[in-house]
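The values are calculated or read from the model by the stated rules, or taken from the named source; none is laboratory data. Computed from a predicted structure; not experimentally measured. Neighbour counts run over all protein chains shown; Cβ positions are idealised from the backbone, glycine included.
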Amino acid sequence: MIKFTFTLDDETVGALERAAACLGRPKSQVVREAIRQYGEQLDRLPDEERDRMLDLFDEVTSGLPERSRSEVERELAEVRRARRSGGRSSGKGGSR
């Protein structure tokens, strides 16, 4: 381990001392754990960004058609058949 010297304000020192006493751990361990937890939070999206992305997802997916699984399976089977035979037909007898 590497030794560091920090200057902390009275409020932070009080919080550190209370946490160490409550947890029954040395202050240095409380500081290490707090820094580790803080570092883990840096990998998470901020709540505002997560909410924005979820709203966008909801907006995009709300326009998706709601179909039953059997309808989707039927369409996939049709696409697979069409690919094997060279393309889908429109059923109208015409070409594009």
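Scanning the range 4-49 for residues that are modelled with pLDDT of 90 or more and charged (D, E, K, R) gives ASP9, ASP10, GLU11, GLU17, ARG18, ARG25, LYS27, ARG32, GLU33, ARG36, GLU48, GLU49. Just to be sure, is VAL30 surrounded by 10 or more Cβ atoms within 10 Å (Cβ to Cβ) and of a type in the set (Val, Ile, Thr)? Judged against the criteria, VAL30 is a match. What are the residues in the range 1-35 that are small (Gly, Ala, Ser) and in a helix (DSSP H, G or I), if any? Matches in the range 1-35: GLY14, ALA15, ALA19, ALA20, ALA21, SER28, ALA34. For the range 28-62, a tally of residues being among the basic types (Lys, Arg) and under 19 Å from LEU16 (Cβ atoms) returns 2.
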